[in-house]
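Peer 1: Here it is: the structure, laid out below.
The values are calculated or read from the model by the stated rules, or taken from the named source; none is laboratory data. Computed from a predicted model, the values in this text were never measured in an experiment. Every residue, glycine among them, receives a Cβ derived from its backbone with ideal geometry; neighbour counts consider all protein chains shown.
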Ligand SMILES: Nc1ncnc2c1ncn2[C@@H]1O[C@H](COP(=O)(O)OP(=O)(O)O)[C@@H](O)[C@H]1O
Ligand SMILES: [Mg+2]
């Protein structure tokens, strides 16, 4: 135990820096996934049919490819086509793109939970589709999507470890390097697991709070 | 002001409206009565284009209701719903100014001033900042009526405005409707409140099986219904059980 504590004190600064990178990567990828997810959903609701087809096609393609393969495509294949992204940007884009389909599903669920009667009330007042979206559907549907959005964020936090494969020094990769150089696999990976938990448990609590708040309404 | 000629509507196999024709003149109050499922709501919804009709013509102020004319039609005709359908994320006041500000493009200050006057008129001035979930059904419906009036419509359509209310709340809404009728508002009201129909309606239309089975001036219709079907319906409404 004493040895564990001594090692932990030694390793923690490195691992905490890795955790910082994990959180940064998660936050940036979250922003990208939300923006793209919302875009897919709004395209999916568009009057103009080709927009709906494109949205559907994008979602099916992204959902059908493993995240790690998507990251490799962005990091290794795009440069051959002349688009050379630094690792962090590639990680944000890859995770954001991969997660945009889950966010789209979250938003779709939230928006479709909006009472049809309220959409009729807006229509009765003469609202056009964009006004209806902005004034009625989004303000009611997005809060309804927040709990599932929170759950998706926890998954994203964990899946951000996949970015270790494209040399981003986030928590998992920082730990791997540490384990290789010290041979203290047990200590290092236990610490990594505890750090991921420390980050995800508060998020899980926040999701539960959101769910409770929403159930009250 | 509102004119229907040979209006038909089906949902899939079901013919819900078959040949509906009637006129409501400006300033007139028409009450639609009839059994559940006879097509009363569908008639109102076709008039302001929440449903499209399959055949026949509907005119509002001489303008035919078509997909192209919907903005114009909806500006002329507002609707009040059975279940109020207030926006739950907005206060009573904000529900009322929603249309004027975000559809008609009025400045917020002007819309708010008008909304306060409307709140006064429906007896809800002290509840301007309340959210719908904190209001009783009768209070919500009065806000619903104020929201419809805020659009300064030429006519309003009310679909069973009191039938989702507790009995002791019906009177306050009927009173607002009476005031509107007395003020010369053109109204089409789906209702089973026969007393309201007798006092406020100019004409009563009995809807049965998707057509206007009988119609006439309110007093005559109620005191001397011409068909057995109407007589039976009226006696059931007057004497439930
Ligand atoms: N959107 C719809 N889809 C299918 N059937 C409908 C729809 N709206 C109404 N109907 C049917 O049309 C008939 C008339 O409905 P409605 O106009 O609501 O009657 P009322 O208001 O007189 O009770 C009913 O049989 C109802 O089930
Ligand atoms: Mg009805």
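Peer 1: Within region B:74-94, how many residues are within 16 Å of ligand 1 (Cβ to nearest atom) and under 13 Å from the mean Cα position of the chain (by Cα)?
Peer 2: The number of residues fulfilling the criteria is 5.
Peer 1: If residue A:178 satisfies every condition in (1) in a helix (DSSP H, G or I); (2) within 14 Å of chain B (Cβ to nearest Cβ); (3) in contact with a helix residue (DSSP H, G or I) (Cβ under 7 Å, 6 or more places away or on another chain) but one, which is the exception?
Peer 2: With (1) in a helix (DSSP H, G or I); (2) within 14 Å of chain B (Cβ to nearest Cβ); (3) in contact with a helix residue (DSSP H, G or I) (Cβ under 7 Å, 6 or more places away or on another chain) applied to residue A:178, the lone miss is (2).
Peer 1: While we're here: Under 9 Å between Cβ atoms, which residue pairs at least 6 apart in sequence (or on different chains) link something in region B:47-69 that is in contact (Cβ under 8 Å) with a residue 60 or more places away in the chain with a partner that is loosely packed, with under 14 Cβ neighbours inside 10 Å?
Peer 2: B:61/B:26
Peer 1: Checking residue B:90 against (1) within 14 Å of another protein chain (Cβ to nearest Cβ); (2) closer than 21 Å to residue A:135 by Cβ; (3) not in a loop (DSSP other than H, G, I, E, B), which single condition isn't satisfied?
Peer 2: Going through the list (1) within 14 Å of another protein chain (Cβ to nearest Cβ); (2) closer than 21 Å to residue A:135 by Cβ; (3) not in a loop (DSSP other than H, G, I, E, B), residue B:90 breaks only (3).
Peer 1: Hey, among the residues in region B:93-127 that are under 18 Å from residue A:128 (Cα atoms) and not in a helix (DSSP H, G or I), which one's nearest to the other protein chains (Cβ to nearest Cβ)?
Peer 2: Pass one, region B:93-127, residues under 18 Å from residue A:128 (Cα atoms): B:95-106.
From what's left, not in a helix (DSSP H, G or I): B:103-106.
Numbers: B:103: 5, B:104: 8, B:105: 11, B:106: 13 Å.
Here the answer is B:103.
Peer 1: Looking for something in a loop (DSSP other than H, G, I, E, B), touching a strand residue (DSSP E or B) at 6+ places or on another chain (Cβ under 8 Å) and under 26 Å from residue B:163 (Cβ atoms) - is there at least one such residue anywhere in region B:66-73? Even if it seems obvious, please write down each step before you answer.
Peer 2: Narrowing region B:66-73 to residues in a loop (DSSP other than H, G, I, E, B): B:66-69.
With the extra rule that they be touching a strand residue (DSSP E or B) at 6+ places or on another chain (Cβ under 8 Å), the set shrinks to B:69.
Remaining after also requiring under 26 Å from residue B:163 (Cβ atoms): none.
Within region B:66-73, not a single residue is in a loop (DSSP other than H, G, I, E, B), touching a strand residue (DSSP E or B) at 6+ places or on another chain (Cβ under 8 Å) and under 26 Å from residue B:163 (Cβ atoms).
Peer 1: Kindly establish whether residue B:31 is buried (at least 24 other Cβ atoms within 10 Å of the Cβ), within 14 Å of ligand 1 (Cβ to nearest atom) and within 14 Å of another protein chain (Cβ to nearest Cβ).
Peer 2: On the way: buried (at least 24 other Cβ atoms within 10 Å of the Cβ): yes; within 14 Å of ligand 1 (Cβ to nearest atom): yes; within 14 Å of another protein chain (Cβ to nearest Cβ): no.
Taking the combined requirement at face value, the residue does not satisfy it.
Peer 1: Here is a follow-up. With (1) in contact with a helix residue (DSSP H, G or I) (Cβ under 6 Å, 6 or more places away or on another chain); (2) within 16 Å of ligand 1 (Cβ to nearest atom) as the list, and residue B:60 as the residue in question, which single condition is left unmet?
Peer 2: Result: residue B:60 passes all but (2).
Peer 1: Just to be sure I understand, how many residues within region B:150-170 are within 12 Å of chain A (Cβ to nearest Cβ) and part of a helix (DSSP H, G or I)?
Peer 2: Residues in region B:150-170 being within 12 Å of chain A (Cβ to nearest Cβ) and part of a helix (DSSP H, G or I): 0 in total.
Peer 1: Taking the condition assigned to a strand (DSSP E or B), within 14 Å of another protein chain (Cβ to nearest Cβ), more than 21 Å from residue B:217 (Cβ to Cβ) and more than 16 Å from ligand 2 (Cβ to nearest atom), does residue B:10 pass? Don't jump to the end; show me each part of the working.
Peer 2: On the way: assigned to a strand (DSSP E or B): yes; within 14 Å of another protein chain (Cβ to nearest Cβ): no; more than 21 Å from residue B:217 (Cβ to Cβ): yes; more than 16 Å from ligand 2 (Cβ to nearest atom): yes.
No; evaluated as a whole, the condition is false for this residue.
Peer 1: Could you list, in sequence order, all residues of region B:35-50 that are more than 14 Å from every other protein chain (Cβ to nearest Cβ), more than 9 Å from ligand 2 (Cβ to nearest atom) and modelled with pLDDT of 95 or more?
Peer 2: So the first thing to find is which residues in region B:35-50 are more than 14 Å from every other protein chain (Cβ to nearest Cβ), and the list is B:35-40, B:43.
Filter once more, keeping what is more than 9 Å from ligand 2 (Cβ to nearest atom): B:35, B:43.
Within region B:35-50, B:43 is the sole residue that qualifies.
Peer 1: Additional query: Kindly provide the set of residues from region A:121-137 that are buried (at least 18 other Cβ atoms within 10 Å of the Cβ) and either touching a strand residue (DSSP E or B) at 6+ places or on another chain (Cβ under 9 Å) or not in a helix (DSSP H, G or I) (or both), ordered by number.
Peer 2: The answer is A:121, A:124, A:125, A:126, A:127.
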